[in-house]
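Input: one structure, supplied below.
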Amino acid sequence: MTDIEKKPDRAPVPKEWTYAPAPESRDVVRLQERYGHFIAGEWVEPSDTYATISPASEETLATVGQGTQEDVDRAVAAARDAYANGWSSLPGSERAKYLFRIARILQERSREFAVLESLNGGKPIKESRDVDLPLAAAHFFYYAGWADKLEYAFPNRKPGPVGVAGQIIPWNFPLLMLAWKLAPALACGNTVVLKPAETTPLTALLFCDVLRQAELPPGVVNIVTGDGRTGAALVDHDGVDKIAFTGSTEVGKAIQRRLAGTGKKLTLELGGKAANIVFDDCALDQAVEGIVNGIYFNQGHVCCAGSRLFAQESIYEPLVEKLKRRLETLRVGDPLDKNTDVGAINSKMQLDRITELVEAGKEEGAEIYQPPCRLPEKGYWFVPTVFTNVAQSYRIAQEEIFGPVLSVLTFRTPEEAVEKANNTPYGLSAGVWTEKGSRILWMAQRLRAGVVWANTFNRFDPTSPFGGYKESGFGREGGRHGLEPYLRVEE
Ligand code: NDP
């Protein structure tokens, strides 16, 4: 016993600091048993369906439609009709009003959306509440501001809409990706058919309610749920003028091949294997927080996650030591508990993929560290993991794991850090930790990554363009750059 614990005249000192459960109530969400597709402002009864579950409990939440070719045909026709009969010729200031309205309604209903996002996707409520929802609303606010200023964004180039956009989004940020895609498309005067990911359709379906509340003209946004087959039908549809895709590099490449020669516009936001580079002159504790946020945020289901940590050799040991200690304090469990740091893995399939790559890391010779951690019995979970002793050639240093798994590598000089960081087929993001501004700029010029964060990580802002190099895709989302893929401009 310590001296303090022994003193009789003091209140007893707790021996451990555990957290009492702090569950967010589910009552705010009213789920329907069954959802159809949202086409031309109406719910269309699906011919085929599947069940969508909560990955934290495996409980079925609702039955949703498996979109067929016929559903996609109807949705594209509705979008074309809305485009030709009003939306594309509406003054920008009028389009802006709808976007502002959508942003405000999202803010008003943010708790409901945050709870549903965590239920269907498995991410901690504190992330959906404090990151996904505020950012989704901010994207609509931001692009609402551009809707009547396109002439100023592209002076003397007569900007006009492209037509009907087909948008396919992944499961890691379901509502936020919807906002990233819809807001610029609508601001520029396009109409949309959007397909959410198979495992996370529910916030997109609840969003249809927001569209009705905002009185958006029918057909301007249509949502067809389903798996990859529905996505493929949308990509191949003759009535679509532009495809925007976020997801795996593999599917992105297949889409690019299919669209070659069709004249359809395309933007791809694909995978990543970001380097988080820590120099010995940085604020070490701050860097540890940034590393943890970089890889364990959203269970590591983040395309720009800092999944490769490059530690300067002189601080390798204290850094890894601090990191391991910090990992012990991460709380893994119920996504709806407000104390949870790491929630459920999004699907059984993703859990299998993470497990396979972690096994490969062990077999190839890397040293694994996992803090003691009791996982719930039901649902899909993975303990936050750090690999040390990693060689650049290992699969865990090359492939996107898309889970809470960090690979630690080392470097001695800035030149070596750049060379190793760029030794990847991807190029989406990177992080640099140092107290020297000149070094930050030197590094940023040499890192082949769409975004380079300095002394922070995973920071998003609607005014800032986001996108990749190499196999991370092309085209930018966010900022003025994010308007371009949705406009035809005179060259
Ligand atoms: P996918 O690329 O398969 O999914 C992304 C979206 O594309 C989903 O809506 C998906 O539908 C749809 N889709 C699937 N096949 C096709 C197709 N042939 N044509 C058109 N659309 C299609 O990613 P996964 O969900 O399979 O995840 C696999 C891996 O991809 C992850 O482990 C991760 O490494 C990476 N990934 C990267 C993301 C990123 O943000 N960069 C996001 C998600 C995954 P459905 O949901 O039905 O499959």
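The values are calculated or read from the model by the stated rules, or taken from the named source; none is laboratory data. Everything quoted here is computed from the prediction, not taken from an experiment. Counting neighbours? That spans all protein chains shown, and the Cβs are built from the backbone with ideal geometry, glycine included.
Select, from ALA283, ALA274, the only residue that is out of contact with any strand residue (DSSP E or B) (no Cβ under 7 Å at 6 or more places or on another chain) and either at pLDDT below 95 or among the hydrophobic types (A, V, I, L, M, F, W, C) (or both).
On the way: ALA274 fails: out of contact with any strand residue (DSSP E or B) (no Cβ under 7 Å at 6 or more places or on another chain).
Result of the check over ALA283, ALA274: ALA283.
Are there any pairs with C-beta distances below 9 angstrom linking a residue in segment 15-41 that is in a loop (DSSP other than H, G, I, E, B) to a residue that is modelled with pLDDT of 95 or more and of a type in the set (Phe, Trp, Tyr), with the two at least 6 apart or on different chains, and if so which?
Pairs found: VAL29/PHE113; TYR35/TRP43; GLY36/TRP43.
Among the residues of segment 455-491, write down those that are out of contact with any Pro (no Cβ under 6 Å at 6 or more places or on another chain), under 19 Å from TYR426 (Cα atoms) and buried (at least 19 other Cβ atoms within 10 Å of the Cβ).
Of everything in segment 455-491, those that are out of contact with any Pro (no Cβ under 6 Å at 6 or more places or on another chain), under 19 Å from TYR426 (Cα atoms) and buried (at least 19 other Cβ atoms within 10 Å of the Cβ) turn out to be PHE457, ASN458, PHE466, GLY467, GLY468, SER472, GLY473, GLU477.
Quick check: anything in segment 413-429 within 16 Å of the ligand (Cβ to nearest atom), among the aromatic types (Phe, Trp, Tyr) and at pLDDT 95 or above? Give the steps one after another, and end with the answer.
First, pick out the residues of segment 413-429 that are within 16 Å of the ligand (Cβ to nearest atom): 424-429.
Of the ones still in play, those that are also among the aromatic types (Phe, Trp, Tyr) are 426.
If we keep only those that are at pLDDT 95 or above as well, we get 426.
Looking through segment 413-429, at least one residue is within 16 Å of the ligand (Cβ to nearest atom), among the aromatic types (Phe, Trp, Tyr) and at pLDDT 95 or above.
Return the residues of segment 105-140 that are acidic (Asp, Glu) and surrounded by fewer than 24 Cβ atoms within 10 Å (Cβ to Cβ); say none if nothing qualifies.
Step one: of segment 105-140, the residues acidic (Asp, Glu) are 108, 112, 117, 127, 130, 132.
Within segment 105-140, GLU108, GLU112, GLU127, ASP130 qualify.
Also: The conditions are (1) closer than 30 Å to GLU151 by Cβ; (2) out of contact with any Phe, Trp or Tyr (no Cβ under 6 Å at 6 or more places or on another chain), and GLU70 fails exactly one of them. Which is it?
That leaves (1) as the condition not met.
Which residue out of ASN172, ASN222 is more than 18 Å from GLY475 (Cα to Cα) and either in contact with a Leu (Cβ under 9 Å, 6 or more places away or on another chain) or small (Gly, Ala, Ser) (or both)? Can you show your working first?
On the way: ASN172 fails: either in contact with a Leu (Cβ under 9 Å, 6 or more places away or on another chain) or small (Gly, Ala, Ser) (or both).
The unique qualifying residue is ASN222.
I'm trying to understand the selection: among the residues of segment 178-196, which are among the hydrophobic types (A, V, I, L, M, F, W, C), surrounded by 24 or more Cβ atoms within 10 Å (Cβ to Cβ) and over 16 Å from GLY160 (Cα atoms)? Please lay out each step first, then the result.
Going residue by residue through segment 178-196, those that are among the hydrophobic types (A, V, I, L, M, F, W, C) are 178-180, 182-183, 185-188, 192-194.
If we keep only those that are surrounded by 24 or more Cβ atoms within 10 Å (Cβ to Cβ) as well, we get 179-180, 182-183, 185-188, 192-194.
Scanning segment 178-196 gives ALA179, TRP180, LEU182, VAL193, LEU194.
Moving to a separate point now. For segment 100-111, does any single residue satisfy the condition of being among the small types (Gly, Ala, Ser), touching a Leu at 6+ places or on another chain (Cβ under 8 Å), more than 18 Å from LYS195 (Cα to Cα) and part of a loop (DSSP other than H, G, I, E, B)?
Just the residues of segment 100-111 that are among the small types (Gly, Ala, Ser), to begin with: 103, 110.
Remaining after also requiring touching a Leu at 6+ places or on another chain (Cβ under 8 Å): 110.
Still in the running and more than 18 Å from LYS195 (Cα to Cα): 110.
Next cut, part of a loop (DSSP other than H, G, I, E, B) only: none.
Taking every residue of segment 100-111 in turn, none turns out to be among the small types (Gly, Ala, Ser), touching a Leu at 6+ places or on another chain (Cβ under 8 Å), more than 18 Å from LYS195 (Cα to Cα) and part of a loop (DSSP other than H, G, I, E, B).
From TYR143, TYR152, grab the single residue that is closer than 19 Å to THR463 by Cα, without any contact (Cβ under 8 Å) to a residue 12 or more places away in the chain and either surrounded by 17 or more Cβ atoms within 10 Å (Cβ to Cβ) or not charged (D, E, K, R) (or both).
Numbers: TYR143 fails: without any contact (Cβ under 8 Å) to a residue 12 or more places away in the chain.
Of the residues listed, the single one that is closer than 19 Å to THR463 by Cα, without any contact (Cβ under 8 Å) to a residue 12 or more places away in the chain and either surrounded by 17 or more Cβ atoms within 10 Å (Cβ to Cβ) or not charged (D, E, K, R) (or both) is TYR152.
Within segment 338-386, count every residue that is more than 25 Å from VAL115 (Cβ to Cβ), over 26 Å from the mean Cα position of the chain (by Cα) and acidic (Asp, Glu).
Here the count works out to 3.
Here are LEU266, LEU234, LEU194, LEU205: which of them is touching a Lys or Arg at 6+ places or on another chain (Cβ under 8 Å) and closer than 23 Å to GLY122 by Cβ? Show your work before the answer.
Details: LEU266 fails: closer than 23 Å to GLY122 by Cβ; LEU234 fails: closer than 23 Å to GLY122 by Cβ; LEU205 fails: touching a Lys or Arg at 6+ places or on another chain (Cβ under 8 Å).
Checking each option against the conditions leaves just LEU194.
List pairs: first residue in segment 465-491 and touching a residue at least 40 places away in the same chain (Cβ under 8 Å), second residue among the polar types (S, T, N, Q) and in a loop (DSSP other than H, G, I, E, B) anywhere in the structure, Cβ distance under 9 angstrom, at least six positions apart or on different chains.
Correct list of pairs: LYS470/THR424; GLU471/THR424; GLY478/THR463; GLY478/SER464; ARG480/THR463; TYR486/ASN190; LEU487/ASN190; GLU490/ASN156.
Looking only at segment 360-381, count how many residues are within 22 Å of THR249 (Cβ to Cβ) and either surrounded by fewer than 21 Cβ atoms within 10 Å (Cβ to Cβ) or touching a Gly at 6+ places or on another chain (Cβ under 9 Å) (or both).
First, pick out the residues of segment 360-381 that are within 22 Å of THR249 (Cβ to Cβ): 360-361, 364.
From what is left, the residues that are either surrounded by fewer than 21 Cβ atoms within 10 Å (Cβ to Cβ) or touching a Gly at 6+ places or on another chain (Cβ under 9 Å) (or both) are 360, 364.
Number of matching residues: 2.
Only one residue in ALA204, ALA233, ALA254 is more than 9 Å from the ligand (Cβ to nearest atom) and modelled with pLDDT of 95 or more, so which one is that? Please lay out each step first, then the result.
Working: ALA233 fails: more than 9 Å from the ligand (Cβ to nearest atom); ALA254 fails: more than 9 Å from the ligand (Cβ to nearest atom).
When all the criteria are applied, what remains is ALA204.
Sticking with this structure for a sec: Looking at (1) in contact with a His (Cβ under 6 Å, 6 or more places away or on another chain); (2) within 21 Å of GLU367 (Cα to Cα), find the lone condition where ILE401 falls short.
(1)
Another question about this same structure. Considering only residues that are within 20 Å of the chain's Cα centre (by Cα) and farther than 14 Å from LEU234 by Cβ, look in segment 156-173 and name the one that is farthest from the ligand (Cβ to nearest atom).
Among them, the one singled out is PHE173.
Also, quick follow-up: Suppose we filter segment 131-158 for residues that are more than 17 Å from ARG26 (Cα to Cα) and assigned to a helix (DSSP H, G or I); how many remain? It would help to see each step written out before you state the result.
If we filter segment 131-158 for residues that are more than 17 Å from ARG26 (Cα to Cα), which is where we start, we get 131-132, 134-158.
If we keep only those that are assigned to a helix (DSSP H, G or I) too, we end up with 131-132, 134-146, 150-153.
Adding up the residues that qualify gives 19.
Could you check segment 382-399 and list, in sequence order, the residues that are of a type in the set (A, V, I, L, M, F, W, C) and surrounded by fewer than 21 Cβ atoms within 10 Å (Cβ to Cβ)?
Result: VAL383, ALA391.
Also, I was wondering about something else. I'm trying to understand the selection: among the residues of segment 442-467, which are closer than 25 Å to ALA187 by Cβ, within 14 Å of the chain's Cα centre (by Cα) and either within 16 Å of the ligand (Cβ to nearest atom) or small (Gly, Ala, Ser) (or both)? Don't jump to the end; show me each part of the working.
We begin by selecting, within segment 442-467, every residue closer than 25 Å to ALA187 by Cβ; these are 450-451, 459-467.
From what is left, the residues that are within 14 Å of the chain's Cα centre (by Cα) are 459-462, 466-467.
Passing the criteria: PHE460, PHE466, GLY467.
OK, next. Any residue at all in segment 400-408 that's touching a residue at least 60 places away in the same chain (Cβ under 8 Å) and exposed (fewer than 15 other Cβ atoms within 10 Å of the Cβ)? Talk me through it step by step, then tell me what you get.
First, the residues of segment 400-408 that are touching a residue at least 60 places away in the same chain (Cβ under 8 Å): 400-408.
Keeping just the survivors that are exposed (fewer than 15 other Cβ atoms within 10 Å of the Cβ) gives none.
No, segment 400-408 contains no residue that is touching a residue at least 60 places away in the same chain (Cβ under 8 Å) and exposed (fewer than 15 other Cβ atoms within 10 Å of the Cβ).
Looking at segment 174-190, can you tell me whether even one residue there is within 10 Å of the ligand (Cβ to nearest atom) and either among the polar types (S, T, N, Q) or modelled with pLDDT under 95 (or both)? Full working, then the answer.
From segment 174-190, those within 10 Å of the ligand (Cβ to nearest atom) are 174, 177; that's our starting set.
Pick out the ones that are also either among the polar types (S, T, N, Q) or modelled with pLDDT under 95 (or both) and you get none.
No.
Within segment 257-302, which residues are of a type outside the set (Val, Ile, Thr) and within 11 Å of the ligand (Cβ to nearest atom)? Explain how you work it out, then say what you get.
Restricting attention to segment 257-302, the residues satisfying the condition of being of a type outside the set (Val, Ile, Thr) are 257-261, 263-266, 268-276, 279-287, 289-290, 293-294, 296-301.
Passing the criteria: ARG257, ARG258, LEU259, LEU268, GLU269, LEU270, GLY271, GLY272, LYS273, ASN298, GLY300, HIS301.
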